[in-house]
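A short write-up of the structure that comes next.
The values are calculated or read from the model by the stated rules, or taken from the named source; none is laboratory data. Predicted model only: the values in this text are computed from it and were never measured. Glycine also receives a Cβ, built like all others from the backbone with ideal geometry; neighbour counts cover every protein chain displayed.
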Amino acid sequence: MCGIVGLFLKRDELRPQLGDMLTDMLVKLTDRGPDSAGIAIYSQPGEDMKITVQSDTPEADFDGLDGTLSDALGTGVTMRVVGNHAVIRVPAASGAAAVAHLETRGLRIMSAGTSIEIFKDVGLPRDVAERFGIRGMGGSHAIGHTRMATESAVTTLGAHPFSTAPDQCLVHNGSLSNHNNVRRRLAKKGVRTRTDNDTEVGAAYISSRISEGASLGEALEGTLSDLDGFFTFVTGTRDGFGVVRDPIACKPAVMAETDDYVAFGSEYRAFADLPGIDTARVWEPEPATVYFWER
Amino acid sequence: MQSLDMATTDLREVNATLQAQTSASNQTEWVIDNPRGAHAVAVGLDTPISVTVRGSTGYYCAGMNAGATIHVQGSVGPGVAENMMSGTVIVDGDASQYAGATGHGGLLVIRGNASSRCGISMKGIDIVVQGSVGHMSAFMAQKGTLVVLGDAGDALGDSLYEARLFVRGSVKSLGADCVEKEMRAEHLDRLADLLERAGADAKPSEFRRYGSARRLYHFNIDHADQY
Amino acid sequence: MTKTPTTEPRQSWTFSREVNAEIRRAAATGIYDIRGGGAKRRVPHFDDLLFLGASISRYPLEGYREKCDTAVTLGTRFAKKPIELKIPITIAGMSFGSLSGPAKEALGRGASMAGTSTTTGDGGMTEEERGHSEKLVYQYLPSRYGMNLTDLRRADAIEVVVGQGAKPGGGGMLLGQKITERVAGMRDLPVGIDQRSACRHPDWTGPDDLEIKILELREITGWEKPIYVKIGGARPYYDTALAVKSGADVVVLDGMQGGTAATQDVFIEHVGQPTLACIRPAVQALQDLGLHREVQLVVSGGIRTGADVAKALALGADAVSIGTAALIALGDNDPKWEAEYNALGTTAGAYDDWHEGRDPAGITTQDPDLMKRLDPEAAGRRLRNYLNVMTLECQTIARACGKSHVHNLEPEDLCALTMEAAAMARVPLAGTDWWPGKGQF
């Protein structure tokens with residue numbers, strides 16, 4: 001139960017403003033979710049793997065972490081600490097080993113990939129965005145979420161977006177009704193989830209289908225038959241983002257498109273400050289229909 | 001003409017000001033600027049004042065309207081004119097879900113499209129949509145009239161009671177217990193009157209009429225699959 | 001020659017006479033059983049709890065002399081005009097349509113004399129009820145039957161009904177017999193047809209939307225009236241927390257013994273949790289949010305006596321609500337109509353076909369002749385008396401526990417007779433300091 005915003009830039013000149021624009025959009029929807037907030041932001045894909053981790057005791061955990069990790073992997077490591085998150089950059093070939101090492105140190109993996117960074121925490125969108133300096137971040141596309149938890153815990157890990165594969169993420173407004181069975185089926189296939197959150201199951205379902213060879217479009221189509229309950233999903237990948245609503249489609253969703261961007265919002269309010277919104281094409285995504293924008 | 005700017009005036013003051021107008025008031029023309037998607041704008045008005053909203057609104061604009069004329073020069077979020085009792089609400093742009101939900105009376109005109117569940121559970125309201133309506137429109141509609149100049153989505157009029165539906169374009173599918181019905185002179189007259197009041201440019205003869213087959217009015221085991 | 005002993009004919013416990021009768025009825029009619037009332041099966045209840053009372057370690061208050069307050073104020077969080085009640089017992093929502101006009105009047109009379117509120121129900125506000133209820137809570141239901149701006153502003157509080165204990169997640173069904181001209185007019189339906197009530201609100205879904213709906217209701221009513229949110233006892237921890245996050249002033253929590261005018265028997269008996277099991281999780285949610293007592297909790301579903309009231313309050317409720325018990329006080333299921341109950345194939349106490357409109361007691365009916373059997377003034381006095389007795393009983397217990405206000409009763413004033421009740425109420429099994437699950441909450 002939440003507010004979702006998404007912004008996919010078509011014009012490169014706007015890229016430096018992405019974090020600023022998305023933060024404005026997200027703060028507008030604060031009322032839809034006072035518990036926690038999170039942002040997935042995608043920048044130009046590089047050669048390296050970026051791993052975003054979170055710690056409840058960042059001073060202790062992040063102190064000298066880059067050196068320790070560098071020694072363990074036998075390769076160069078850079079680290080940028082942002083509040084209780086750190087973005088760690090390692091050569092792509094060492095990515096999996098780095099994630100494993102960071103997990104054994106008790107750090108929570110928010111995201112990994114060549115482009116994605118995820119920042120999330122409990123609190124209001126304004127405070128969370130401030131904590132991580134989201135306004136100053138640039139990129140090609142981004143997804144934000146503000147959460148009113150239904151049945152799972154209000155924690156950093158329980159906040160959206162959920163990332164269950166490199167450069168993929170998912171946010172959700174609604175409530176799934178068969179996620180426990182889906183979680184068990186995924187677990188049998190070796191797909192791990194970290195929380196009791198229904199959305200994480202949705203994310204893991206999509207990642208699992210993709211890893212089995214499905215396209216993102218096919219995986220999103222699959223949510224319509226395999227996931228039950230109410231959902232508006234927005235999913236991000238390295239190259240774009242997609243939207244799908246359940247067949248009943250009673251959780252709100254609005255989209256806007258201009259020559260400069262495609263925007264998603266749970267409510268129109270989120271768009272009020274976007275440039276050119278008065279002449280944008282504004283519409284509601286149809287139920288049980290997959291939408292996708294890719295560069 | 002009185003003006004309320006939501007960039008500087010909060011929602012409570014806007015609504016309280018409008019609600020405080022009585023039929024004796026001579027301040028009958030109001031303008032609201034900068035709604036910027038705000039919720040519950042111009043709700044619960046019960047005097048025949050005229051309010052123009054310059055911009056788009058969020059949920060429940062003109063909710064429970066009873067006699068006012070509210071004109072939104074933009075689009076509206078979910079539940080515009082929900083449970084309207086009387087009066088007129090005009091939307092220049094599109095309407096989100098549940099437009100005119102449970103409305104008991106008055107006229108709602110949407111010049112753009114309305115999305116899903118337009119006229120859900122309507123109880124006497126008249127709704128004219130100049131564009132198209134989404135799925136499950138007029139679900140459980142009890143009374144009143146829904147006129148659609150464009151197309152209707154899936155399951156139009158599902159579990160319909162006595163509301164009358166007129167659609168000019170295509171209907172993707174009819175819901176349970178909703179059937180096409182003969183267009184008689186009385187229906188053409190009713191339609192002509194509504195189209196005129198809504199300022200809609202269409203001929204009554206171009207429409208088809210849909211209504212309840214009344215098969216679900218009394219439980220019958222042979223229709224159990226429709227419940 | 002001695003006779004060979006034979007076995008006794010033995011009925012199956014699984015396929016009991018009742019079960020077999022229901023199978024035959026279903027096979028003959030093809031429709032599930034619809035009835036009124038709440039769950040009839042035995043579930044752990046307040047009867048399984050006992051108060052400890054004072055002796056040497058605690059001092060009791062003197063009955064009749066030392067004050068034991070019962071007043072409760074509902075809606076102190078945001079509303080400019082909270083509801084002040086003299087007693088912590090309110091009358092639950094029961095619709096005009098399922099009840100007759102005189103029955104609604106009697107509820108209003110009785111509640112007003114006792115200093116408490118009544119609640120409308122699905123079907124709109126009647127003059128009988130508004131005119132005779134000093135404090136009236138207007139229910140805002142999925143059907144929105146009879147919902148209108150004038151009545152919304154005439155109400156003293158608004159109760160957004162998300163669910164009820166008899167059927168969390170379900171809608172209702174009022175059969176055509178009760179859709180008389182007056183009922184149909186109020187509901188904008190054709191006379192005499194079955195009326196299906198929706199299970200979800202038509203213009204919002206979920207707590208994030210509910211927050212906006214509550215904003216709209218407050219804006220329409222000038223932020224004066226308390227907004228209650230009523231939930232069925234299914235997932236009380238989450239639902240209470242979400243009602244609060246959506247902005248509720250008061251949470252009304254209805255356990256599975258709570259009644260309904262009409263729904264499927266299978267729903268009544270198989271969906272939802274016992275009232276006893278719902279209270280502690282709901283209170284826990286309020287405590288976790290730091291809003292226990294600031295957002296008031298009203299509990300309903302099977303409240304019958306002052307002891308039930310006291311126990312619900314001790315577990316953390318601010319007030320209780322009664323429906324079925326109020327109808328019995330008015331005269332529902334009275335044995336004096338036994339011959340007529342028998343003619344309907346039932347017996348006094350078991351009559352629950354409220355939806356059919358043939359109530360011999362003249363309460364759950366729209367039949368003009370039957371309706372005349374209920375004198376609203378006399379029935380109102382009976383309800384007043386009953387409410388007074390429950391209040392006195394609750395006070396008696398509270399005084400014995402040393403409390404000068406019934407709200408000062410605590411879970412620690414209770415013990416449980418059974419393991420089930422101990423686990424559900426999270427109070428120790430009698431004679432121990434332990435309950436199943438202790439330490440895990």
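A few notes on this one:
- Only residues that are under 21 Å from the mean Cα position of the chain (by Cα) and over 30 Å from C:His132 (Cα atoms) were counted in region C:376-429, giving 3.
- Among the residues of this structure, C:Glu105 counts as one that is of a type in the set (Asp, Glu), assigned to a helix (DSSP H, G or I) and either over 25 Å from C:Gln273 (Cα atoms) or within 14 Å of chain B (Cβ to nearest Cβ) (or both).
- The single residue among A:Ala256, A:Ala219 that is in contact (Cβ under 8 Å) with a residue 12 or more places away in the chain, outside any loop (DSSP other than H, G, I, E, B) and within 13 Å of another protein chain (Cβ to nearest Cβ) turns out to be A:Ala256.
- Counting only residues that are in contact with a Pro (Cβ under 9 Å, 6 or more places away or on another chain) and under 19 Å from C:Ala262 (Cβ atoms), region C:113-154 holds 4 of them.
- For region C:199-314, the helices (runs of 4 or more DSSP H) that sit wholly inside it and include 3 or more residues that are in contact with a helix residue (DSSP H, G or I) (Cβ under 7 Å, 6 or more places away or on another chain) and buried (at least 23 other Cβ atoms within 10 Å of the Cβ) are C:207-220, C:236-245, C:275-288, C:306-314.
- Residues of region A:140-163 that turn out to be over 30 Å from A:Gly46 (Cβ atoms) and surrounded by fewer than 24 Cβ atoms within 10 Å (Cβ to Cβ), as a count: 7
- Some residue of region B:9-26 being in contact with a helix residue (DSSP H, G or I) (Cβ under 9 Å, 6 or more places away or on another chain), under 27 Å from B:Lys123 (Cβ atoms), of a type in the set (Ser, Thr, Tyr) and not in a strand (DSSP E or B): no
- Residue match in region C:372-383 (condition: touching a strand residue (DSSP E or B) at 6+ places or on another chain (Cβ under 9 Å), outside any loop (DSSP other than H, G, I, E, B), over 16 Å from C:Leu50 (Cβ atoms) and touching a residue at least 24 places away in the same chain (Cβ under 8 Å)): yes
- Count - residues of region A:52-89 that are acidic (Asp, Glu), surrounded by 14 or more Cβ atoms within 10 Å (Cβ to Cβ) and outside any helix (DSSP H, G or I): 0
- Residues of region B:97-117 classified as closer than 20 Å to B:Tyr161 by Cβ, in a loop (DSSP other than H, G, I, E, B) and away from chain C (no Cβ under 11 Å), total: 2
- A:Glu286 falls short on exactly one of the conditions (1) buried (at least 17 other Cβ atoms within 10 Å of the Cβ); (2) at pLDDT below 95; (3) out of contact with any strand residue (DSSP E or B) (no Cβ under 6 Å at 6 or more places or on another chain); (4) within 24 Å of A:Glu117 (Cα to Cα), and that condition is (4).
- Within region B:69-96, tally of residues that are closer than 20 Å to B:Arg36 by Cβ and facing another protein chain (nearest Cβ under 9 Å): 9
- Restricting attention to region B:135-157 and to residues that are farther than 25 Å from B:Met85 by Cβ and within 13 Å of another protein chain (Cβ to nearest Cβ), the residue that is surrounded by the most Cβ atoms within 10 Å (Cβ to Cβ) turns out to be B:His135.
- For region C:233-249, the criterion of being touching a strand residue (DSSP E or B) at 6+ places or on another chain (Cβ under 8 Å) and within 14 Å of chain B (Cβ to nearest Cβ) is met by at least one residue.
- Considering C:Glu127, C:Glu134, the condition of being modelled with pLDDT under 95, surrounded by fewer than 23 Cβ atoms within 10 Å (Cβ to Cβ) and away from chain B (no Cβ under 12 Å) is satisfied by C:Glu127 alone.
- Put simply, of C:Thr205, C:Thr260, C:Thr221, C:Thr275 the only residue that is touching a residue at least 60 places away in the same chain (Cβ under 8 Å) and within 14 Å of chain B (Cβ to nearest Cβ) is C:Thr221.
- Which numbered condition C:Thr346 misses (of (1) among the β-branched types (Val, Ile, Thr); (2) part of a loop (DSSP other than H, G, I, E, B); (3) in contact (Cβ under 8 Å) with a residue 60 or more places away in the chain): (3)
- Residue within region A:260-275 that is of a type outside the set (A, V, I, L, M, F, W, C), within 14 Å of chain B (Cβ to nearest Cβ) and closer than 24 Å to A:Ser43 by Cβ present: yes
- Count - residues of region A:222-252 that are crowded, with 24+ Cβ neighbours inside 10 Å and free of Cβ contacts under 8 Å to residues at least 12 places away in the same chain: 0
- Region C:84-113, subset of a type in the set (Gly, Ala, Ser) and surrounded by fewer than 24 Cβ atoms within 10 Å (Cβ to Cβ), residue modelled with the lowest pLDDT: C:Gly101
- Test: A:Ser266 is of a type in the set (S, T, N, Q), over 18 Å from B:Ser96 (Cα atoms) and either out of contact with any strand residue (DSSP E or B) (no Cβ under 8 Å at 6 or more places or on another chain) or in the same structural domain as A:Lys28 (by TED's automatic domain parsing) (or both): no
- Residue in region C:30-45 that is more than 30 Å from C:Leu175 (Cβ to Cβ) and of a type outside the set (Val, Ile, Thr) present: yes
- Number of positions in region B:165-212 that are outside any helix (DSSP H, G or I), of a type in the set (Gly, Ala, Ser) and in contact (Cβ under 8 Å) with a residue 24 or more places away in the chain: 8
- The residues in region C:180-191 that are more than 10 Å from chain B (Cβ to nearest Cβ), in contact (Cβ under 8 Å) with a residue 12 or more places away in the chain and closer than 13 Å to C:Phe96 by Cβ can be counted, and the count is 4.
- Hey, A:Gly133 within 23 Å of A:Lys251 (Cα to Cα) and under 17 Å from the mean Cα position of the chain (by Cα) or not: no
- When B:Asn26, B:Asn34 are checked against the criterion of being away from chain A (no Cβ under 12 Å) and of a type outside the set (A, V, I, L, M, F, W, C), a single residue qualifies: B:Asn26.
- Condition met for B:Ile125 (in contact (Cβ under 8 Å) with a residue 24 or more places away in the chain, within 12 Å of another protein chain (Cβ to nearest Cβ), in contact with a strand residue (DSSP E or B) (Cβ under 7 Å, 6 or more places away or on another chain) and buried (at least 22 other Cβ atoms within 10 Å of the Cβ)): yes
- The sole residue among C:Gln139, C:Gln177 that is surrounded by fewer than 21 Cβ atoms within 10 Å (Cβ to Cβ) and either within 12 Å of chain B (Cβ to nearest Cβ) or out of contact with any Leu (no Cβ under 9 Å at 6 or more places or on another chain) (or both) is C:Gln177.
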